[in-house]
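Note sheet for the following structure.
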């Protein structure tokens, strides 16, 4: 019987921590992020209402129908109620999937923007490396046998290929604000994952696959990138940052990198 | 329809035949139960070590160095040691606790009795299945003691991490032993599944039609079908993985890999192939872990509310739907994997669909209580707790089943919170409920209700305290499988939450001592149990506590009633047993 108030208190406490947003998403930095947060809230409200009423009903049943001498009622169920709550659940759940579909399609099933700035990402145990094509706009050829992390060649750029001479290799991701980006992801060894909380995006980086991720970041700032797929003992330290800067600053950065070659 | 005659066997003689290499489904059920109990102690200890390390990653603990001279030099747990403890925690809990006790423990003991049979269809196969499981456990635990230690690739063992020995310590012999253990476990599971299915189909006594089966039997039946189909695929996947590791094949390893500065020879394989095979097993596996607990909950809510299960037929269809749909949703573990986004959409709709029968069951549990006359025994408390925990754990699935939202939540603590609520807590509560309910029948004695209730309340609040905060951590973006949180600014801010969870874990683990005391003390000193201490209706309550070796003493029970005829208007008592005469609701007047 004590269980009823315990269930009710737990329910209220749990809902409180969701509502108060003490531990919450960081603010979104993209249109996708805004759409994401709306879908999250829709789901939170629907599940929150169900959560509250289900736990409340459980607690109420525990309290109201404790044995106090009466006889139990005899019922094998009620088809009308079964139909009502089954249909309601189905409609709500499928409804949520449908509203979320737009977001999924926008990220993975839309026409890629031909003007998206291509940036390569190479993940390895236990670091991310990024590559820009440089002023010639072409990525140089790479070969696994040329890889030399110590000498600053994690991509294995081939010496003989002139297109690679101006490629910019960076340990962190730099992007211009408000411009579409195409992140082309590879892994050199095991499965890793690229995740930026503020973008509300993540993607597994799978060896043997070249996986593009399109996004556009609108708010300047520096955002952490934690590897989000178990990749070995250094997984917890596999960190990089994404720095979103004004377009002019991004061009300046690229020129500085080119000049230092 | 008369029951087929099981090959009659005489009462076993001698200690070895009675308690060690026993053919008796009741002994085998108890053996599985104790295997699970032993495993849960290991699994729980591993989780406490994990929670300690997460909040004290640099702590020097002297006995760490004694246990793990290489992996914990100077008494400091290395990241690879943390990951191997984590891998073994998940593996031991999922396989050796959640896939044994609910199905092979309680199911073995009570399925034959609840359907009126003398034993399982294949007693020798049954005995073999237990001993094979035990061999699998020994092989699994041995991974701790070999060069490099236990594997670190998680219970999901994704290649190439698990397929290439150079990817980390523990990925050598440790990972191989892990795969071998799982393969042996698959064999044991298949043996058990065949037995359960044949038994349920063939050995039901006269009058025990399918729609008169207790819901526990339905869940054991569907669970066995899931196991038969799922474990077969896991076995295949394990064989392929071993071949990649030792025979130079490349099922899962593509070309162009460089590990530890060495370019690998493999080519042509796909890491995604493993994920498809693993999760094709892995998703049914989680329903294997939860369905028996759902059956126990239905059974107990009816018994202790003195009221029929609300919507029995709907409950059966829900169990069947969950089983069927359970084979079609595996891709929801792979939304971010790089598989086709169209597949993701299909899996998402099916995943939401499987939420519907789960919701039906929840509404019907509450409907069972509604208008009832509730007796708050410890068994009932755990069944009620199951309902609350299933609601909480199930609802977080609504977020994760949408690929749009999984774009953030995949591989965060939101997922860890979700599956622990459902498996690590609700399923365990199903086991506790089954223990308190059936202990009198199994051991002929009652467990202590006071100890039971204290254990229940502290555990119930404790598990909410441990696992609810994980959802908040997930919203904050805390990744999973991190051995420490000091390398990221945003993670440092979340340490107080981790601290709270660690303290809650210590307290909740400590109170489990009460359960063990209760269990073992009551076996010897508990009050003697009557035949039917709960005034329940199903067949196990018509035979002595504990039952004779052939369950029904050579009799063939005849069933005349459904499983949950409680509080039938006009009946002399508030329950009608399944074997009561057909007119038990309106007995003929007797003249005095």
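Quick note: the coordinates plus some simple rules give every number you see, no bench work behind them. None of the values given here were measured: they were computed from a predicted structure. Here the Cβ positions follow ideal geometry from the backbone for every residue, glycine too, while neighbour counts run over all protein chains shown.
With respect to chain B, whose longest principal axis is taken over its alpha-carbon atoms, helix B:271-305 is tilted by about 30°. If you take the Cα centroid of region A:1-44 and the Cα centroid of region A:152-217, the two points sit 33 Å apart.
If each of residue B:56 and residue B:574 carries a label point 7 Å out from its Cα toward its Cβ, how far apart are those two points in nm? The two pseudo-label positions are separated by 5.1 nm.
By the helix-only formula, in which each DSSP H run with n ≥ 4 contributes -39500 (n - 2.57) and the sum is divided by residues, chain B has a 222 nm mean residue ellipticity of -19500 deg cm²/dmol. Protection proxy ranking for A:91-100, A:235-244, B:403-412, using the average of other Cβ atoms within 10 Å per residue and placing the highest first: B:403-412, A:235-244, A:91-100. Explain nothing, just the number: relative contact order of chain A, from Cα pairs under 8 Å at least 6 residues apart, as a whole percent. Value for chain A: 19 percent. Inter-chain neighbour count for A:124-132: the average number of beta-carbon atoms from partner chains within 10 Å of each residue's beta-carbon is 1. Consider a paramagnetic label point 7 Å from the Cα of residue A:115 along Cα→Cβ; state which residues of region A:232-246 have an amide N under 19 Å from it. Counting backbone N atoms under 19 Å from the label point, the list is A:245-246.
Springs join every pair of Cα atoms under 10 Å in this Gaussian network model of chain A, and among A:248, A:151, A:116 the largest mean-square fluctuation is at A:151. What share of the DSSP beta bridges in the protein assembly as shown is antiparallel, in percent to the nearest 5? Antiparallel bridges make up about 70 percent of those DSSP assigns within the protein assembly as shown. Note on B:151-157: average number of Cβ atoms from other chains within 10 Å of each residue's Cβ is 2. In this label model, residue B:206 and residue A:52 are separated by 5.7 nm, measuring between points 7 Å along each Cα→Cβ vector.
Helical content of chain A, expressed as a calculated mean residue ellipticity at 222 nm, amounts to -13000 deg cm²/dmol (DSSP H runs of 4 or more residues, -39,500 (n - 2.57) each, divided by residue number, nearest 500). Seen through its C-alpha gyration tensor, with square-root eigenvalues sorted a ≥ b ≥ c, region B:290-528 comes out oblate because a/c lies at 1.5 or above while a/b is not bigger than b/c. Any idea how far the Cα center of region B:541-591 sits from the one of region B:128-190, in Å? Region B:541-591 and region B:128-190 have Cα centres separated by 48 Å. Using R0 = 60 Å, the C-beta based FRET efficiency linking residue B:340 and residue B:535 works out to 0.60.
Measuring between their Cα centroids, region B:194-250 and region B:301-351 lie 17 Å from each other. Which FRET efficiency value, to the nearest 0.05, is calculated for residue B:328 and residue B:41 with the Förster distance at 41 angstrom and r the Cβ-Cβ distance? E(calc), rounded to 0.05, equals 0.70.
Each peptide in A:103-114, B:210-221 receives the mean, over its residues, of other Cβ atoms within 10 Å, and ordering these scores from highest gives B:210-221, A:103-114. Between helix A:3-20 and chain A there is an angle of about 30 degrees, using the helix long axis and the longest principal axis of the Cα atoms. Estimated from the Cβ-Cβ distance and a Förster radius of 56 angstrom, the FRET efficiency linking residue B:458 and residue B:232 is about 0.85. Among the residues of B:305-312, the average count of other protein chain beta-carbon atoms within 10 Å of the residue beta-carbon is 5. Sort region A:117-259 into rounded, prolate or oblate with this rule: let a ≥ b ≥ c be the square roots of the eigenvalues of the Cα gyration tensor; rounded if a/c is under 1.5, and if a/c is not under 1.5, prolate when a/b is larger than b/c, oblate otherwise. Oblate is the answer for region A:117-259, as a/c is 1.5 or above yet b/c matches or exceeds a/b. Each peptide in A:72-80, A:215-223, B:366-374 was scored by the mean count of other Cβ atoms within 10 Å over its residues; highest first, the order is B:366-374, A:215-223, A:72-80. Going by alpha carbons, how many degrees (0 to 90, nearest 10) lie between the helix axis of A:79-108 and the longest principal axis of chain A? Between the helix axis and the principal axis of chain A, the angle is about 10 degrees. Full extension of the chain between residue B:239 and residue B:499 gives 89.5 nm of extra length, using 0.36 nm per residue less the Cα-Cα distance.
A prolate overall shape is assigned to chain A, the ratio a/c of its alpha-carbon gyration tensor axes (a ≥ b ≥ c) being 1.5 or greater and a/b exceeding b/c.
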